[in-house]
1. Quick check on my filter: what residues within segment 93-144 are away from ligand 2 (no atom under 16 Å from the Cβ), within 27 Å of residue 19 (Cβ to Cβ) and open to solvent by 30 Å² or more (accessible area, probe 1.4 Å)?
2. Would you call residue 48 more than 23 Å from residue 105 (Cβ to Cβ), more than 16 Å from ligand 2 (Cβ to nearest atom) and open to solvent by 60 Å² or more (accessible area, probe 1.4 Å)?
3. What number of residues in segment 494-517 are assigned to a loop (DSSP other than H, G, I, E, B) and either of a type in the set (Gly, Ala, Ser) or in contact (Cβ under 8 Å) with a residue 60 or more places away in the chain (or both)?
4. Would you check which residues across segment 51-73 are open to solvent by 10 Å² or more (accessible area, probe 1.4 Å) and touching a Pro at 6+ places or on another chain (Cβ under 9 Å) and list them?
5. So which of 282, 265 ends up being of a type in the set (Asp, Glu) and either under 26 Å from residue 354 (Cα atoms) or open to solvent by 50 Å² or more (accessible area, probe 1.4 Å) (or both)?
6. From 168, 206, grab the single residue that is surrounded by fewer than 21 Cβ atoms within 10 Å (Cβ to Cβ), within 16 Å of ligand 1 (Cβ to nearest atom) and at pLDDT 85 or above.
7. Taking segment 42-81 on its own, how many of its residues are within 30 Å of residue 140 (Cα to Cα) and out of contact with any Phe, Trp or Tyr (no Cβ under 9 Å at 6 or more places or on another chain)?
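The values are calculated or read from the model by the stated rules, or taken from the named source; none is laboratory data. Since the structure is predicted, the reported quantities are computational estimates derived from the model, not experimental observations. Cβ: placed from backbone, ideal geometry, glycine included. Neighbour counts: every protein chain shown. With ligands, DNA and RNA removed, areas are computed over all heavy atoms of the protein, side chains included. Shrake-Rupley method; radii C 1.70, N 1.55, O 1.52, S 1.80 Å.
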Amino acid sequence: MTNFSELGLQEDLLKAISDLGFESPSEVQAQAIPILLEKDTDLVALAQTGTGKTAAFGFPLIQKINLDQRHTQGLILSPTRELCLQITNEFQNYGKYSSGLRTVAVYGGASITDQEKQIKKGAQIIVATPGRMKDMLKRGMIDISQLAYCVLDEADEMLNMGFYEDITDILAHSPKEKSTWLFSATMPKEVSNIAKKFMNSPKEITVGQRNVSTKNVSHEYFLVSARDRYNALKRLVDVNPEVYACVFCRTKRDTQKVAERLIEDGYNAAALHGDLSQSQRDMVMKSFRNKQVQILVATDVAARGIDVDDITHVINYQLPDEVEIYTHRSGRTGRAGKTGKSLVILTKSELRKIKQIERIIGQNFTEESIPSGEEICEKQLFHLVNEIKETEINPKIDAYLPKLEEMLIDLTKEDLIKKFFSVEFTRFYNYYKDAGSISKPSASERDFQSNERSDETRFFINLGEKDGFNWMQLKDFLKETLDLGRDAVAKVDVKDSFSFFNVAKTDEPKVMQIFENFTYQGRNINVEITKDKGGRGGGRKRNDRKKSGGFGKRRDDNKSGFSGARKGKKSNVESSFNRRRSKKK
Ligand code: ADP
Ligand code: MG
C-alpha cells in the first residue's frame, strides 16, 4: 500500500493530511497525485463518487500554485453550489499550513458583489459553478487570463445539467497553455468530446470498475408510432423465446392494462403495482421468481423490491418521466455477472430523453428496428429445434414406440420433420403473415400527438370546462370510456361547454358506437365527427349511424397466443395468472 509521503507531497500538505486523519491515499489519489505533481499535464480521471477525487486534485493543485502571488491560478468548476462549498471547505483543511492560500467559492443564489469583493482581495483558487462563473467573467469581475490549472469536477454531471456552453465560454477566457484536469464518474460522449476539444493528449486513469451493472447491460431503443407500442412489445418478447423480462410502465393503470393484454394474448405475464394487496404482490413475486411468470409488468415504485438475478431483458414500455429512474430499471438486468439488455420502446417526441439517459449511464444506445414477422418465426422455429435436441428422452415413451412408428410409417423423415415443426411454426406464421412490419415513423411523419395526421378523426363532444373537465381530466375520461389504449386519445382541446379530441380513424366507428345514447350525469352526450381540424360542425352526428349491436369488451384480433413464455414450467400457480391463455387456433 502506498503512503501519502511517497506521492511527492510537501511537508505542509502532509501535515494537513495527518490532521485530517487520512491514513493512506485512496486509489485515485495514489494514481493521480504523482502524475499531476511530476509535470504540467492534462488529465482525465474516471472514478466513482466517494473515491476521494477532491483530494486527488486538491493537494497537487495547492502544491503547484504560487502562494506568493495573489492572482487566480487555479479554477475548479463544479456542478452545484453544495459541491462548491464542500470543495472550498475541504481546501481550507488541505491548505491549513499553506500560508497565504486563499480559496473563494463562486456560485449562484448569493450576492455577486460580495463574491466579487472576496475575489478582489486575492484568490489563487476559485471554486465555481459554471453559470455564475460565466456571469462574473462577462461582467469583468474575475480575471482568469493567468490561469494555470483548470479542474472540471464531476464533468459528466455538469454536462448533464446543460453547462456545456458555459464551460466552453469560460475556457475561452483562459489561456491556452494551462493544464486541464477532468474528473468524472462516467465517460459519456459529451465528456470525451470536451476532453478531445480542450485537452492536450491527456493522461488517463480509471479507478475501480465503472458502474458494474451498466457494464453488463446493453441499451437499445426502438422508434415506433405511439399506436404500435403494444405490438412492438409483443414482437420484442416473441423474438426472444427465452425471455425473462421486467416490463416497466409509467402508471399503475398502464401496468395493469399491458399485463392484462399480454395475458389475454397468451403470455405468462403478471402485473406488479401499488394497487395490489401485499399478499397479491408476494404471490406475483413468488411466481416471477419461480419463472412461472416470465414477463413481469411493473411500475417503478413496485419494482423497487425486485431482487431477481437472471432477468434477461428490461423492457421500457414507456420511459420514466424522470430520466434518472432509467438506471434503476436497467439495473434489474445484467446482475450477478450475467449480461442483459435494456430495451426502450419510444416515440419520436421522447427521442431527446435518450441523449439525457446516455449521459447519465455513460453508455450509448443502439437504435434497432422492431423484428419482422419472418425473423420472429425463424427465431421461434430454431429455438424449438434446439429445445427438442436438448430434450431428455423419457423412457416411458419406449412403450408407445411401436405404435407411434406404425402410425407414422407412411411419412418420410423429411415429411415428419416438416409436419412436426409446422405444428408450432404455423401458429406464428399465421399471426405474423399479415401483420405487416412495425417501422419507425418516417421523417415526415409527425408524432401521434400531432393533428397533422390524416389517419385520425377529430371529434366534437358536448362536455367542457363547465362540466368540470380540464384537458387532462377529459383525456382520462375519454381513455377510460373508450378503452382504446394509452395513447389512443390525442389533441384534447377543452372549451367552455364543449371540447375536441382526436382518435385513430380506424377507431371511429367504436367511438360513435360508445357515445350512442351515452349519458353523463343525467345529460345526453353528443359526439360528432368534425371535418375541420379544430373547428366545430360539419360532422356527421352519431345518431345518423345505424345501430350496430352492443359493444362488449374489446376483442383483440391480433393474438399470437404464442411466445417463449408459453412453454413448459406449467403449474397450478400459473393457471391463476394465465387462466385466459388462448389455446392454439
Ligand atoms: P469524490 O469527489 O470522489 O466523490 P470526495 O473527494 O468527496 O469523493 O471524498 C469522499 C470522502 O472521503 C470525504 O469525506 C473525504 O474527506 C474522504 N477521504 C478522501 N480521501 C481520503 C483518504 N485518503 N482517507 C480517508 N478518507 C478520505
Ligand atoms: Mg467530488
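1. Correct list: 96, 97, 99, 100, 101, 102, 118, 121.
2. No: the conditions fail for residue 48.
3. Result for segment 494-517: 1.
4. Once the filter is applied, which keeps residues that are open to solvent by 10 Å² or more (accessible area, probe 1.4 Å) and touching a Pro at 6+ places or on another chain (Cβ under 9 Å), segment 51-73 yields only 52.
5. So the residue among 282, 265 that is of a type in the set (Asp, Glu) and either under 26 Å from residue 354 (Cα atoms) or open to solvent by 50 Å² or more (accessible area, probe 1.4 Å) (or both) is 282.
6. 206
7. 8
Each row is one residue, and each column tells you yes or no for (1) assigned to a helix (DSSP H, G or I); (2) closer than 24 Å to residue 373 by Cα; (3) open to solvent by less than 100 Å² (accessible area, probe 1.4 Å); (4) touching a His at 6+ places or on another chain (Cβ under 9 Å).
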{"position": "384", "(1), (2), (3), (4)": "yes, yes, yes, no"}
{"position": "389", "(1), (2), (3), (4)": "yes, no, no, no"}
{"position": "407", "(1), (2), (3), (4)": "yes, no, no, no"}
{"position": "410", "(1), (2), (3), (4)": "no, no, no, no"}
{"position": "416", "(1), (2), (3), (4)": "yes, no, yes, no"}
{"position": "420", "(1), (2), (3), (4)": "yes, yes, no, no"}
{"position": "425", "(1), (2), (3), (4)": "yes, yes, yes, no"}
